[in-house]
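K.L.:
Sharing a structure here in structure tokens format.
The values are calculated or read from the model by the stated rules, or taken from the named source; none is laboratory data. Everything numeric in this text was worked out from a predicted model, so none of it was measured. Backbone-built Cβ (ideal geometry, glycine too); neighbour counts: all protein chains shown. Accessible surface is based on the protein model in full, side chains and every heavy atom, while ligands, DNA and RNA are left aside. Shrake-Rupley method; radii C 1.70, N 1.55, O 1.52, S 1.80 Å.
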Amino acid sequence: MWNSGRKKSLLLLCLVGLCAVSSSADDVLTVAGNGEETPLQLKGSATAVAVAQPFGLTTGPDGALYVCEVGLHVIRRIDLQSGESRVVAGSGRSGWSGDGGPALQASLNEPYEIRFDSRGNMIFVEMKNHLVRRVDASTGIISTIAGNGKPGFSGDGGPATEAQLKQPHSIALDKADNIYICDIGNHRIRMVDSASGIIRTFAGTGERAVTPDGAALEGTPLNGPRALDFDGGQSLFLALREGNALYRIDLEKRTLHHLAGNGRSGYSGDGGPARDAALSGPKGVAIAANGDVYFADTESHTVRVWRRAAQIVETVVGNGQRGDGPDGAAEQCLMDRPHGVFVSKDGRLFIGDSNNHRVRMLKIAR
């Protein structure tokens, strides 16, 4: 039975960086956000400040957690040892400005997902600006690296900064720092070559149609490509939001492989064959060290996992009901439309619990 005294103790331990060793594997802890959307505070204790609509999140080269705040149009850095946070990109004003200057003075418009390249540069996608931006690791200067700010579809074969994207949502980088973009309004994945800066369509035809298992990338439709993650080897993992399915993209063979989801929206099938499970608008994907694939099943208010060894889907946080916590047992911690998930190298699952304005953490088996 969860009690308030134990909850307060675990939260305190988390703030001083001890949560990873002091909580059991099935304890969920809030590590950022006070449940409010405003006001913007540039720095402060991570659980005391507003973290408005957290979406994509990741750890950086420094070991800190970086969070996209859609509601306040900023990127926030959270020190997981001290529990302190500060804004590292965005002024809090929505818009598109500031290229060539300090990232903190730039206007962003709904940053959705964030990654770091091999040189430590911070790269994130802005959905409502229809572009991808970069913050230089050494100078803190922000620049646009893909998209011209106008929604549409154009520019394949030319400079990425002259191309049109439409509501890009997710990005992933491979070993060569090539950037893959879920261009959701165009039902495509676009790729920006890191050496040349040239953009092209990597997958998808623009159609909203069923994606066959085993199909070649070229000429195969993608029904709502919403989230991507790279496994560090030869695979990208893709969530189809409208398709309610999870796929693996074999980068060597250039083929698509159906892992989970029967294509119908719903919340069912835990413990059974993964392809028979009903998913509910998956919008975030993260790969664990053992090959398990965690995803935000947004409209069922859960985080679920595709187990690589057993080829099944299981729920790891939530029970399908909308709510706000409480911290503690994972199946009893309710969420409200989570969007972002990330698995750290030390086996912690971080969740952007978007409509609750909180970032939650669960220690998972490695």
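K.L.:
Considering the range 150-187 alone, what residues qualify as being among the acidic types (Asp, Glu) and open to solvent by less than 10 Å² (accessible area, probe 1.4 Å)?
P.N.:
Asp183
K.L.:
Of the conditions (1) among the β-branched types (Val, Ile, Thr); (2) in contact with a helix residue (DSSP H, G or I) (Cβ under 9 Å, 6 or more places away or on another chain); (3) within 20 Å of Ala239 (Cβ to Cβ), Ile184 satisfies every one except a single condition; which number is it?
P.N.:
The number of the failed condition is (2).
K.L.:
Hey, can you tell me all the residues within the range 267-287 that are over 16 Å from Leu349 (Cβ atoms) and assigned to a strand (DSSP E or B)?
P.N.:
Answer for the range 267-287, where residues must be over 16 Å from Leu349 (Cβ atoms) and assigned to a strand (DSSP E or B): Ser268, Pro273, Ala278, Leu279.
K.L.:
With (1) within 23 Å of Ile171 (Cα to Cα); (2) of a type in the set (A, V, I, L, M, F, W, C); (3) open to solvent by less than 20 Å² (accessible area, probe 1.4 Å) as the list, and Ala277 as the residue in question, which single condition is left unmet?
P.N.:
(1)
K.L.:
From the list Glu126, Glu84, pick out the single residue that is open to solvent by 30 Å² or more (accessible area, probe 1.4 Å) and either over 23 Å from Ile199 (Cβ atoms) or modelled with pLDDT of 95 or more (or both).
P.N.:
Going through Glu126, Glu84 in turn, the sole match is Glu84.
K.L.:
Quick one: which residue in Gly219, Gly214, Gly206 is in contact (Cβ under 8 Å) with a residue 40 or more places away in the chain, over 29 Å from Asn290 (Cβ atoms), part of a loop (DSSP other than H, G, I, E, B) and not hydroxyl-bearing (Ser, Thr, Tyr)?
P.N.:
Just one listed residue meets the conditions, Gly206.
K.L.:
Just need a number here: residues in the range 229-249 that are touching a Leu at 6+ places or on another chain (Cβ under 8 Å) and farther than 20 Å from Ile312 by Cα.
P.N.:
2
K.L.:
Does Arg308 satisfy being more than 17 Å from Glu331 (Cβ to Cβ) and in contact with a strand residue (DSSP E or B) (Cβ under 8 Å, 6 or more places away or on another chain)?
P.N.:
It is true that Arg308 is more than 17 Å from Glu331 (Cβ to Cβ) and in contact with a strand residue (DSSP E or B) (Cβ under 8 Å, 6 or more places away or on another chain).
K.L.:
Next question, about the same structure. Considering only the range 1-60, how many residues are polar (S, T, N, Q), exposed (fewer than 14 other Cβ atoms within 10 Å of the Cβ) and modelled with pLDDT of 55 or more?
P.N.:
Count: 1.
K.L.:
Report, by residue number, each residue of the range 188-200 that is touching a Cys at 6+ places or on another chain (Cβ under 9 Å) and either open to solvent by 10 Å² or more (accessible area, probe 1.4 Å) or part of a loop (DSSP other than H, G, I, E, B) (or both).
P.N.:
Selection gives Arg188 alone.
K.L.:
Among Gly320, Gly291, Gly340, which is closer than 23 Å to Ala278 by Cα, in contact with a His (Cβ under 7 Å, 6 or more places away or on another chain) and modelled with pLDDT of 95 or more?
P.N.:
It is Gly320.
K.L.:
Quick one: would you say Arg134 is outside any loop (DSSP other than H, G, I, E, B), more than 19 Å from Gly56 (Cα to Cα), touching a strand residue (DSSP E or B) at 6+ places or on another chain (Cβ under 9 Å) and open to solvent by 40 Å² or more (accessible area, probe 1.4 Å)?
P.N.:
Against the criterion (outside any loop (DSSP other than H, G, I, E, B), more than 19 Å from Gly56 (Cα to Cα), touching a strand residue (DSSP E or B) at 6+ places or on another chain (Cβ under 9 Å) and open to solvent by 40 Å² or more (accessible area, probe 1.4 Å)), Arg134 does not qualify.
K.L.:
Here is a list: Ala203, Ala245. Which entry is among the small types (Gly, Ala, Ser), surrounded by 23 or more Cβ atoms within 10 Å (Cβ to Cβ) and closer than 30 Å to Gln321 by Cβ?
P.N.:
Ala245
K.L.:
Going by the conditions given, is Ala64 at pLDDT 55 or above and farther than 30 Å from Pro168 by Cβ?
P.N.:
When the stated conditions are applied, Ala64 does not pass them.
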